[in-house]
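Notes for the one structure printed next.
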Amino acid sequence: MAPSVDRTPVYLQVVKHLRDQIIKGELKDGDKVPSVRQLAETWGISQATAMKAVAALRADGLVESIVGHGTVVRTKATLHRSSHDRLSRMLSTGRIYTPGEFAVISVSEMVPAPEHVADTYGIEPGSPVIKRVRVTHNEEGPVSASTSWFAADLAEVVPQLLSTDRIIGGTAGVIMEATGRTAQSADDRMTVGAATAEQAAAIGLSEGDPVFIGQNTWRDADGDVIEFGEYFFGGGRWMRYQYEMQGQG
């Protein structure tokens, strides 16, 4: 079988490479992006093509060009990392959050499963599940809040899930270490709503402000759910997805 050929335009390959570095925190807010000349030399492309790649990142709100200082990463107030982004970072670096981000765990306990959580795990409503609530912060304050749900049988092998202490490598990492189950896929779905009083208080909004509300499901190689999560964050922040278009002619 002939080896596959990457037919993605080179400038998009550059964009994807830099975007991945930004999402994973390898390029942090305020860091300088390689210059157009450096990109051209590294990738063997023209400066015009390199400029096109930087312009795409600028249009996405990931970078800002400053006269006399070059192009720098600008994501602190605009980027919300999806569950897929966090899973990718955990698998590649062993850490779930980028530098400058941290989580405060407010709830970590065994509770009766709400109906939608029970449906996800294929159990009876009211069956015990682990509930873990966190608020994610950066240097400027709270930016998002989330609730993760886990199967009750993990309590014995992963007792950290019932502690409000932070798990540095993330919940998927500690589950993988204890059970050998690795998250192989991450599925996100989102909608838009108005912040409830509880949501507004959690991340410093006003009641009724627009919020993005999402759910994510992490599954292992057998398709079994490792973690089901619900999250929300305020307007003005971007969530990013990347995918390949196949068979387009």
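The values are calculated or read from the model by the stated rules, or taken from the named source; none is laboratory data. A quick note: this is a predicted structure, and the numbers were derived from the prediction, not measured. Every residue, glycine among them, receives a Cβ derived from its backbone with ideal geometry; neighbour counts consider all protein chains shown. When the accessible area is computed, the model is the full protein with side chains, heavy atoms only, and any ligands, DNA or RNA have been set aside. Shrake-Rupley method; radii C 1.70, N 1.55, O 1.52, S 1.80 Å.
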Residues (more than 22 Å from V158 (Cα to Cα), open to solvent by less than 80 Å² (accessible area, probe 1.4 Å) and not polar (S, T, N, Q)) located in the stretch 115-139 = H116, P125, H137
key: Close pairs (7 angstrom Cβ cut-off, 6 or more residues apart or separate chains): at positive phi in the stretch 119-130, open to solvent by less than 40 Å² (accessible area, probe 1.4 Å) anywhere   = G126/A113
inquiry  = If I ask for residues that are in contact (Cβ under 8 Å) with a residue 24 or more places away in the chain and open to solvent by 60 Å² or more (accessible area, probe 1.4 Å), which ones from the stretch 147-178 would you list?
reply    = L162, T164, D165, R166, I168
message = Checking W43 against (1) touching an Asp or Glu at 6+ places or on another chain (Cβ under 9 Å); (2) under 18 Å from L12 (Cβ atoms), only one condition comes out false. Which one?
response = (1)
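One line per residue, one yes/no per condition, for (1) open to solvent by 70 Å² or more (accessible area, probe 1.4 Å); (2) under 27 Å from E101 (Cβ atoms); (3) not in a helix (DSSP H, G or I):
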{"residue": "L18", "(1), (2), (3)": "no, yes, no"}
{"residue": "K28", "(1), (2), (3)": "yes, yes, yes"}
{"residue": "P34", "(1), (2), (3)": "no, yes, yes"}
{"residue": "Q38", "(1), (2), (3)": "yes, no, no"}
{"residue": "T42", "(1), (2), (3)": "yes, no, no"}
inquiry  = Return the pair list, or none, for Cβ contacts closer than 8 Å from residues in the stretch 194-222 that are farther than 21 Å from G170 by Cα to residues that are in a helix (DSSP H, G or I), at least 6 apart or on different chains.
reply    = L205/Q199; S206/A200; E207/A197; E207/A200; G208/A200; D209/A200; V211/Q199
request  = Check G100 against each of (1) modelled with pLDDT under 75; (2) on the phi < 0 side of the Ramachandran plot; (3) in a loop (DSSP other than H, G, I, E, B) and name the one condition it does not meet.
outcome  = (2)
remark   = Restricting attention to the stretch 44-59, the residues that are free of Cβ contacts under 8 Å to residues at least 12 places away in the same chain and either in contact with a Leu (Cβ under 7 Å, 6 or more places away or on another chain) or open to solvent by less than 50 Å² (accessible area, probe 1.4 Å) (or both) number exactly 1
